[in-house]
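The structure appears below as structure tokens.
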Amino acid sequence: MNISAKTRLCLIIGDPVGHSLSPAMHNAAYEALKIDDRFVFVAAQVPVDEVKQVVKTVRTLNIRGLTCTMPHKIEVMKHLDWIDSAANKIGAVNSVVNEDGILKGYNTDWLGAVTPLEKIASLKNMPVAVIGAGGAARAIIYGLTHRQACVTIFNRNLQKAQSLASEFNCKAKSLDNLSILPNFKIIINATSLGMGEQHKLTPIPQQYLSKIHIVFDIVYDPPHTRLLAEAKTKGATVIAGWEMLLYQGTPQFELYTNRKAPESVMRSVLLKHLKPYE
Ligand code: NAP
């Protein structure tokens, strides 16, 4: 630890926030780049009706970066000076940068989804099935359509899928239509099925998975989900949810520090902290 009077604070707020891996990931990266005298990253649990006050404090204390996790990504937008076009279209901000008192809002969640996919496939005209139509799906669908993928949204609540589909010019289906998954090349689970106490569940029957698929499960707790295990057994290429955490974190790090993120250090931190569900 190398904190002095010149060290700038970065902060993650959420409710809850105790599970967040952002402090460990950012602080390890500061240390690796030997800028831990310039930045320190901490977490604070904040109820949603206190977000306005937190943003005021960011200005008063000249806090450099404010990361917002659930449920603050929408509320924080009301209190900023400028919001980038991706965050505006997604309708959520996860990263606020304090540029000499001007608070600028960004969304890096969509990059978290698109970056690991683009390492192995071109998204243009690619048929992609997104299962889920919640907050995370919204950022992912923005990213996919921004890259000109052909997206179909499958959701339990069909109306939610239809409304998202009309906004982003995609197709919508109910979960009763998963038998058409063999027509897609990329399948993304953006539901919470498979997470935590639901770790024995999967949103996709194994019979619809095959070696033609890239299967991306954004659930990261546990890091190896049942969906990914079954997809692997069928010979599919798999992407784990921690990759989305990593690749939303690297551009955020760069926004706050103006330095290239040490990706391998940040990856090691995530892998060290994420453990199979007991
Ligand atoms: P959300 O807004 O609450 O949306 C939840 C989604 O899951 C909805 O589409 C919901 O369908 C669906 N769902 C929930 N229970 C279901 C069930 N029993 N059967 C079928 N569908 C079900 O949540 P979110 O913020 O989008 O987060 C979704 C998941 O992504 C969570 O597990 C979260 O931890 C994970 N996540 C990961 C990252 C990452 O970086 N890897 C980032 C963000 C979120 P209905 O609309 O029908 O209710």
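Name the long-range amide H neighbours of Phe154: under 5 Å, sequence gap of 5 or more, or other chain; modelled H, no Pro or chain starts.
Val130, Ile131, Gly132, Lys173
Output needed: percent of Cα pairs per 10 Å distance bin for the stretch 196-278, bins running from 0 to the one holding the longest distance.
18, 40, 29, 12, 1
Sequence-distant or interchain residues sharing an amide H contact under 5 Å with Ile83, placed H: which?
Gly105
Seen from all sides and averaged, what is the projected area of the convex hull of the Cα atoms in the stretch 110-239, in nm²? Before the final figure, lay out the partial values.
Numbers: hull surface 27.2 nm².
Dividing the Cα hull surface by four gives the mean projection, 6.8 nm².
Accessible area per residue of the chain at 1.4 Å probe, in Å²? Mind dumping the intermediate values first?
Working: 13100 Å² over 278 residues.
In whole numbers, the chain has 47 Å² accessible per residue.
Take a quick pass over the stretch 131-241 and tell me how many lysine pairs come in under 21 angstrom between Cα atoms, counting only ones 8 or more apart or on separate chains.
11
Give a residue-ordered list of calculated ³J(HN,Hα) values for the stretch 194-206 (Karplus: 6.51 cos²θ - 1.76 cosθ + 1.60, θ = phi - 60°; whole Hz; x for Gly, Pro).
Calculated HN-Hα couplings, in order: x, 8, x, 5, 8, 5, 7, 9, 9, x, 10, x, 4 Hz.
What part of the accessible area of the chain, given as a whole %, is carbon or sulfur when the probe is 1.4 angstrom? Before the final figure, lay out each step's value.
Numbers: 6760 of 13100 Å².
Heavy-atom surface of the chain belonging to carbon and sulfur, 1.4 Å probe: 52 percent.
Testing the spin-label approximation: label points 7 Å from Cα along Cα→Cβ at Lys272 and Asn2. State their distance in nm.
It is 1.7 nm.
Within the stretch 216-241, name every residue whose backbone N is under 13 Å away from a label modeled 7 Å from Cα of Ser210 along the Cβ vector.
234-236
Please list, in order along the stretch 76-93, the HN-Hα scalar couplings obtained from phi with the Karplus expression 6.51 cos²θ - 1.76 cosθ + 1.60 (θ = phi - 60°), rounded to whole Hz, x for Gly and Pro.
Coupling constants for the stretch 76-93: 4, 4, 5, 10, 9, 8, 7, 9, 6, 5, 5, 5, 4, 5, 6, x, 7, 10 Hz.
Out of every Cα pair in the chain, what percent are spaced more than 23 Å from each other?
Numbers: 20617 of 38503 pairs.
So the portion of pairs separated by more than 23 Å is 54 percent.
Taking every alpha carbon pair in the stretch 152-217, what does the distance histogram look like in 10 angstrom bins from 0, in percent?
Over the stretch 152-217, the share of Cα pairs per 10 Å bin runs 20, 51, 28, 2 percent.
Need one number: nm distance between label points at Asn88 and Val265, each 7 Å from Cα along Cα→Cβ, rounded to one decimal.
Here the modelled spin labels are 3.5 nm apart.
The values are calculated or read from the model by the stated rules, or taken from the named source; none is laboratory data. All values reported here derive from a predicted model rather than from experimental measurement. Reconstructed Cβ throughout: ideal geometry from the backbone, glycine too, with neighbour counts over all protein chains shown. Calculation scope for accessible area: heavy atoms of the full protein, side chains included, ligands and nucleic acids excluded. Shrake-Rupley method; radii C 1.70, N 1.55, O 1.52, S 1.80 Å.
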